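Read through the structure below, which is laid out as structure tokens, and then see the notes.
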Amino acid sequence: MIEFALAVFFLLITPGPGVLSTAGIGAAYGYRAGFAYLGGLMLGGGVTMLLVITGLAAIMLAVPWLRFVLLLASVGYLTYLAWRIASAGTRIGFTAATKPLGFRNGFLLQFINPKAYVVPTTLFSGFAFLPQSPVWEVIIKVVIFNAIWVPVHLIWLAAGAKLGSLDLSHRMQRTINIGMAGAMLAVVAIALLANR
């Protein structure tokens, strides 16, 4: 169980679409505005986790054309997010918009987020610690996962909000944006390599 908790922690703190977009919303709109988005991420993540645990994700991804369509949607959206972050100029986060992305966007992101499938697949197919009671093992894993997921995402949101409130030079803000966009593109590259 300790190895499982450590794996959850390290898989969740690494930059992925969820945490990077959460930090971007925090930077652009502040801490409080990111709660709705996080709620959407959490519910969407729960649904994708359920798809992985029940095997429905494996069945859907076994259909070649559906897998290709989901890969294109994922790569396209993540590339778009990377572009939005990189092109934000001297404002950290996303370019100006009338309102934060909100619950709906957080929820929908998880369905095209490769990490939302890869992480649960890794965690729930490995790290067996209750082989005699697989249902309880899954329940305990879900509780541990969320006990780490929520604080990690709140920390990313707070970090983004803090970063957005600092009086950084325009050059430093631009450098941060390019770094965040580069991390997002690295996720895209990993997704493409994994689906070769």
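Observations on the structure shown:
- Test for L11: is it free of Cβ contacts under 8 Å to residues at least 60 places away in the same chain and open to solvent by 20 Å² or more (accessible area, probe 1.4 Å): no
- Number of residues in region 147-165 that are modelled with pLDDT of 80 or more and either out of contact with any Gly (no Cβ under 8 Å at 6 or more places or on another chain) or open to solvent by 70 Å² or more (accessible area, probe 1.4 Å) (or both): the value is 8.
- Unmet requirement for M180, which otherwise passes all of (1) touching a helix residue (DSSP H, G or I) at 6+ places or on another chain (Cβ under 8 Å); (2) at pLDDT 75 or above; (3) in a helix (DSSP H, G or I); (4) farther than 18 Å from L51 by Cα: (2)
The values are calculated or read from the model by the stated rules, or taken from the named source; none is laboratory data. Predicted model, so just to flag it, every value in this text is computed and none were measured. Here the Cβ is made from the backbone with ideal geometry for all residues, glycine too, and neighbour counts use every protein chain on show. These area figures cover heavy atoms from the full protein model, side chains too; ligands, DNA and RNA do not enter into them. Shrake-Rupley method; radii C 1.70, N 1.55, O 1.52, S 1.80 Å.
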